[in-house]
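As structure tokens, the structure follows; a few thoughts come after it.
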Amino acid sequence: MSTDKRRILVTSALPYANGPLHLGHMLEQTQTDIWVRFQRLRGHECYYVCADDAHGTAIMLSAEKQGVSPEAQIDQIRKQHLRDSEGFSISFDNFSSTHSKATKRWTEKIYAQLKSNGHIAEREITQAFDEEKGLFLADRFIKGTCPKCGSADQYGDNCETCGATYSPTELKDPVSALSGSVPVEKASKHLFFRLPLFEDLLRGWIRSGSLQEAVANKLGEWINEGLQEWDISRDAPYFGFTIPGEDNKYFYVWMDAPIGYIGSFEELCSREDIAFEPFWHSNSETELYHFIGKDIINFHGLFWPAILDSAELRAPTGVFAHGFLTVNGTKMSKSRGTFISASHYLEHLDSEYLRYYFAGKLGSGVDDIDLNLEDFVQRVNSDVVGKVVNIASRCSGFLRKGFSNKTALVPLEADLLDEFVAAGEEIAEAFEAREFARAVRSIMALADKANHFIDKEKPWVLVKDDSQQERVQAVCTTGINAFRILMIYLAPILPRMAERAGAYLQSELTWTQLKNHLLDHELATFEPLMQRIEYKKVAAMVDANKQLVAPLSNNKQRDETTKQQAANGNDGKNKKESASGSPIKIDDFTRVELRVAKVIEAELVEGADRLLKISLDVGELGTRTVFSGIRSAYEPESILGKSVVLVANLAPRKMRFGISEGMILAAGEGDEEVFLLSVDAGAAPGTLIS
């Protein structure tokens, strides 16, 4: 990895100014913030800007319902969003709004360039129109009966019952979701961006290395299906920017939303006297990255680079998409209320808990991430408190009581500290590649070594022997310096804890200072760095968040299962038949997701005769913990490094010993006759087995 100083501009997707931030937003902002903080920690010039996405019919209608102006609503929401982001330690350099003077000026400037280049077309189209409300209806504002399965109360573009997609004109008995009136068809002139003209450019762009392979493949499929001209206009009434030279026409919200990145950065440049042009003009030596959700890759992967090219602005260096967040295996959805708001979380729990948990799950791919609340408690308590903080708390007491909070002239194990420093490049490479889960695994492996060193030396025993006092100080000096290196590595993930640790160590925690050990150095009085999560606080958060549909119990899931059984003609009368083994279909097998997993840790489970606790590297899916009944056939050390087959989409199972996050496939008759299904050692962890 190059050590030359880089100039980087980073954005995350703009949250919509129509409601509170939820934990899905915080997943993205945390992922972005960790990467940004890492770049700054390495000494690079890195700016992070964002804004609220403040335009559209939904905001206009919401403000109307509340009896306030759209401007008043978006201003209030922006303050709430910024407050919650700050609560999660998101280090924006500027957080703006797309309803800003800078974004308006840039939107009009870019539109004029597109029009001058012949990249804007106009034609008349026919749309559904609500005569009672006096506005054209987007698909989501039309409801009716699905033309495929007959389910009532479905949206105008897709059926949530059967999954069918269709146009609003195909709906049976359509009505406006706003007024309940029957919509009529009405013609209107619209403006279109001529996206098909950029097909050759986009084919090269998606294979330029700026996108993840899965995203590039999906965009390639869309290009092959044929690019369509993109409607960038909306009719009045609408909340947004009016289109110059047009009557009662507004820019579609997705036209000015990405331009909000430019507007927000220009505000920062004006305030901080930063040169704007190098970051947005072609042939620049600066870098530009967008962090987004996988649901908006079409806008950032097709429309945005084409518009930037026409406007003679630079393309992004990279667009990084992530998957969705689920909670206890349940999809988050605003419309169903299945989300935990950021503010409700912050009322009950420290944001650093969630930052660490997200980091331990995040890879560079687009796979969804599940926030399993029981695993969340266990992992944070075990790793951050039980391993990392434990090192400092164990050593600080001895140094305070016997050595006036001062470290020794030399550590007991310089080689151990050298190993910790040497691990920095591998950890840095993982951070750079957005493989945060891999970085966390490496950091925690070092923490285990530090704790093992302290356990082996037993300073609590040595301190009882007057002749061993120097050794006690040297042991604790090694531990404190190991802790310091770990906190440098964890600083992008746990910035507030790192700040507290720096105050205790009375030392700056920067990557360039890794080798500068604290020897003959005075420490401050140790204060607790992080408290263990109390499960009752998590339960209180869930209870307080009335919008969460998936509570900690499985009652809801059982209720839904019962309903589904009744719908299938099994209302409980056929329990005996069901229990004896109802036939299954071949399709049931196709739902099983098998992936290559590499064993990175294995240990005995106290109190269990047959189980091993196994930690697995599953590539982009992060790490998984599995409890497997193979102890009679395998010693823990005998399976380290093996590549095995994991059922990766098995729902987490709560056991007496912890949460098991999948199943390792094995065969045999039991006892010593158990054989793990293994795969080629060269197969990459996370590879899907078809």
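Tabulated values for the structure
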| item | result |
| --- | --- |
| Low-density loop positions, trypsin sites (Lys or Arg not before Pro), the range 180-216 - DSSP coil, at most 16 other Cβ in 10 Å | 207 |
| Residue-by-residue Karplus 3J(HN,Hα) for the range 199-210, coefficients 6.51, -1.76, 1.60, Hz, glycine and proline x | 4, 4, 4, 5, 4, x, 4, 5, 9, 7, x, 7 |
| Residue-count net charge about residue 178 - beta-carbon cut-off 9 Å; Lys, Arg +1, Asp, Glu -1 | -1 |
| Per principal axis, descending, Cα span of the range 415-547 in whole Å | 62, 35, 26 |
| Phi-based couplings in Hz for the range 285-291 (Karplus 6.51, -1.76, 1.60; Gly and Pro marked x) | 8, 7, 10, 10, 10, 10, 9 |
| Rounded, prolate or oblate (a/c below 1.5 giving rounded, otherwise prolate when a/b exceeds b/c) for the range 439-511 by Cα gyration tensor | oblate |
| Alpha-carbon Rg/Rh ratio, for the range 51-208, with Rh computed the Kirkwood way | 1.04 |
| DSSP bridge pairs, the chain: antiparallel proportion in percent, nearest 5 | 70 percent |
| GluC sites (Glu not before Pro) within the range 488-531, DSSP loop, no more than 14 other Cβ atoms inside 10 Å | 508 |
| Placed amide H near residue 239: partners under 5 Å, 5+ positions off or other chain | 56, 57, 60 |
| Among 74, 9, 278 - extreme Cα towards positive end, dipole of the chain, charges at beta-carbon | 74 |
| The chain - Cys residues lacking any other Cys C-beta under 4.7 Å | 46, 50, 269 |
| Cβ-based charge dipole, the range 134-277, positive-most Cα from 245, 154, 255 | 154 |
| Rounded to the nearest 20 debye, dipole of the range 168-322 from Cβ charges on Lys, Arg, Asp, Glu | 360 debye |
| Calculated Rg and Dmax of the range 393-484 using C-alpha coordinates, Å | 14.9, 50 |
| Trypsin sites (Lys or Arg not before Pro) restricted to the range 1-94 and DSSP loop, no more than 12 other C-beta within 10 Å | 5 |
| Where the chain is the region considered: accessible area per residue in Å², 1.4 Å probe | 46 Å² |
| Derived scalar couplings ³J(HN,Hα) [the range 630-646; Karplus, 6.51 cos²θ - 1.76 cosθ + 1.60; whole Hz; x for Gly, Pro] | 10, 4, 5, 10, 9, 7, x, 5, 6, 10, 4, x, 5, 9, 10, 9, 10 |
| Helix 495-505 vs. the chain, principal-axis angle (Cα, 0 to 90°, nearest 10) | 30 degrees |
| Mean Cα-pair separation over length for the range 122-249, i.e. relative contact order, pairs under 8 Å, 6 or more apart, % | 24 percent |
| Net charge contributed by nearby residues that have their C-beta within less than 15 Å of residue 229 (K/R +1, D/E -1) | -1 |
| Centre separation in Å (Cα based) which lies between the range 38-107 and the range 405-441 | 37 Å |
| For the chain, with +1 on Lys and Arg beta carbons and -1 on Asp and Glu, the positive-most of 443, 129, 180 along the dipole | 180 |
| Whether the range 321-436 is rounded, prolate or oblate, judged on the alpha carbon gyration tensor where a/c under 1.5 counts as rounded | oblate |
| Global form of the range 184-343, assessed from the alpha-carbon gyration tensor, a/c cut-off 1.5 | rounded |
| Net charge of Cβ neighbours under 12 Å - reference residue 249; Lys, Arg +1; Asp, Glu -1 | -3 |
| Dipole moment magnitude, nearest 20 debye, the chain about Cα centre, only Lys, Arg, Asp, Glu C-beta charged | 1260 debye |
| The range 260-355, relative contact order in percent, only Cα pairs under 8 angstrom and at least six apart counted | 22 percent |
| The chain, relative contact order in percent, only Cα pairs under 8 angstrom and at least six apart counted | 12 percent |
| Net lengthening on full extension, residue 213/residue 683 (0.36 nm per residue, minus Cα-Cα) | 167.4 nm |
| Over the range 376-431: Rg over Rh, Cα atoms, Kirkwood Rh | 1.08 |
| Residue 233 long-range amide H proximity, modeled H, under 5 Å | 191, 252 |
| Angle in degrees between helix 535-544 and the longest Cα principal axis of the chain, rounded to the nearest 10 | 10 degrees |
| Crossing angle, helix 70-87 versus the chain [Cα axis fit, 0-90 degrees, rounded to tens] | 10 degrees |
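The values are calculated or read from the model by the stated rules, or taken from the named source; none is laboratory data. Predicted model, so just to flag it, every value in this text is computed and none were measured. Cβ: placed from backbone, ideal geometry, glycine included. Neighbour counts: every protein chain shown. The area values use the complete protein model at the heavy-atom level, side chains included, leaving out ligands, DNA and RNA. Shrake-Rupley method; radii C 1.70, N 1.55, O 1.52, S 1.80 Å.
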